[in-house]
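Note sheet for the following structure.
The values are calculated or read from the model by the stated rules, or taken from the named source; none is laboratory data. Please read these numbers as outputs of a predicted model, since none were measured by experiment. Ideal geometry is used to build each Cβ from the backbone, glycine not excepted, and the neighbour counts take in all protein chains shown. For the accessible areas, the whole protein counts, side chains as well, though only heavy atoms, and no ligand, DNA or RNA atoms are used. Shrake-Rupley method; radii C 1.70, N 1.55, O 1.52, S 1.80 Å.
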Amino acid sequence: MPDQEQKTSISRTRAPRKPKKSQIPYALVITVLVIGFGFYLSGFSLKLPIYLAFGLLFGYTLQRSRFCFTAAFRDPFITGSTTVTRAVLVAISLASVGFFAIKLNSVLNGSETNLSMAGVNPIGIPLILGAILFGIGMVIAGGCASGTLMRVGEGFTMQIVSLFFFVIGSLWGAHDMGTIWSTLNESAPKIFLPNILGWFGAIVVQLLIIVLLYIAAIKWQQKKMGSE
C-alpha cells in the first residue's frame with residue numbers, strides 16, 4: 001500500500017497538461033498561401049501548379065502512411081514488423097506493371113526498335129559500395145530521401161541535418177561520379193531481364209519474385225511478432 005499511496009501523491013502534485021493549441025488557423029493560412037502560390041506559378045507554366053499539387057498530395061500520403069524505404073529494410077530486423085516492407089513490395093509491383101505497359105506500348109508502336117540499355121546501370125563496385133554506404137547512412141539518419149523530406153516538413157531536427165548533407169553529397173557525386181563511374185564500371189555487367197526473357201517473361205519472373213518476398217515477409221513477422 002505505501003507504493004500505491006506514493007503513486008497517488010505524485011499524480012496529485014504533477015502539473016496539469018496544457019491544452020494543445022488548435023492548428024486549424026495555421027492550416028487555413030497555409031492553404032490560402034499555397035493556392036495563391038499556385039496561381040502565381042500558373043503565370044509561368046500551367047504544368048507548375050500541377051507539379052505543386054502532386055508534390056503536396058505525395059507528401060501528405062507519405063506523412064499519413066509513414067511510408068519509408070528505410071523502415072521497409074530496418075523494421076524486420078529491429079521490431080520484426082514487415083508492414084512497410086510489404087507496402088514497398090506492392091508499390092514496386094505496381095511500378096513494374098506500369099513500366100512494362102509503357103515500354104511495351106513504345107515497342108509495339110515502333111517508337112523503340114530495340115530494348116535500350118541506356119537506363120540500366122552496371123552491377124559494379126560503385127553500385128555495391130554505394131548501396132552499402134547508403135543503407136548504413138539511411139538507418140543512422142532515420143530516413144531515406146522521401147522519408148527525410150517528409151520528416152523535415154514535420155520539424156525533425158535530425159532530418160534537417162540529414163537533408164543538408166544529402167544535398168552536399170548529391171552535388172559532390174554529380175561533380176565527380178562521371179569519371180569514377182566510367183573507370184570502375186568498364187567491365188561490369190549489365191542485366192536487363194527483357195533482353196534475356198522477353199517482356200512477358202521478365203514481368204512474370206519479377207512479379208513471382210515479389211510474391212515470394214511478400215510471403216516471406218508475412219512468415220517473418222509471424223515468427224518474430226506472432227501476427228500478420
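Gain in length, VAL97 to PHE134, computed as 0.36 nm per residue apart minus the alpha-carbon separation, to one decimal in nm?
Here the segment from VAL97 to PHE134 would lengthen by 10.6 nm.
Quick check on the chain: take the gyration tensor over C-alpha atoms, sort the square-rooted eigenvalues as a ≥ b ≥ c, and tell me if it's rounded (a/c under 1.5), prolate or oblate.
prolate
Any idea how far apart GLU154 and VAL204 come out in nm if each label point goes 7 Å out from Cα toward Cβ?
4.3 nm
Stretched out fully, how many nm does the piece from PHE192 to ILE218 gain, at 0.36 nm a residue minus the Cα gap?
6.5 nm
Within the chain, count lysine pairs with alpha carbon atoms under 27 angstrom apart where the residues are 8 or more positions apart or belong to different chains.
The result is 4.
Quantify, in whole percent, the carbon and sulfur part of the accessible surface of segment 100-228 (1.4 Å probe; protein heavy atoms only).
Here it works out to 71 percent.
If each residue of separation counts as 0.36 nm, what is the full-extension length gain between TYR60 and LEU171 once their alpha-carbon separation is subtracted?
Residue separation times 0.36 nm, minus the Cα-Cα distance, leaves 37.2 nm.
Work out the FRET efficiency for ASN121 and ILE30 from their Cβ-Cβ distance, taking R0 = 35 Å, and round it to the nearest 0.05.
0.35
Would segment 23-65 count as rounded, prolate or oblate if I go by the C-alpha gyration tensor, calling it rounded below 1.5 in a/c and otherwise prolate when a/b exceeds b/c, oblate otherwise?
Judged from the Cα gyration tensor, segment 23-65 comes out oblate (a/c at least 1.5, b/c at or above a/b).
Extending each Cα 7 Å along its Cβ direction at THR183 and TYR40, get the distance between those two points in nm, one decimal.
Roughly 4.5 nm, to one decimal.
What helices does the chain hold that run 15 Å or longer along their axis, going by alpha-carbon atoms, with a Kyte-Doolittle average of -0.5 or more, using DSSP H for the helix calls?
Flagged H segments are 24-42, 47-65, 83-108, 125-141, 157-184, 193-225.
Could you look at segment 23-65 and say what percent of its accessible area is carbon and sulfur, using a 1.4 Å probe and all protein chains?
Answer for segment 23-65: carbon and sulfur cover 78 percent of the accessible area.
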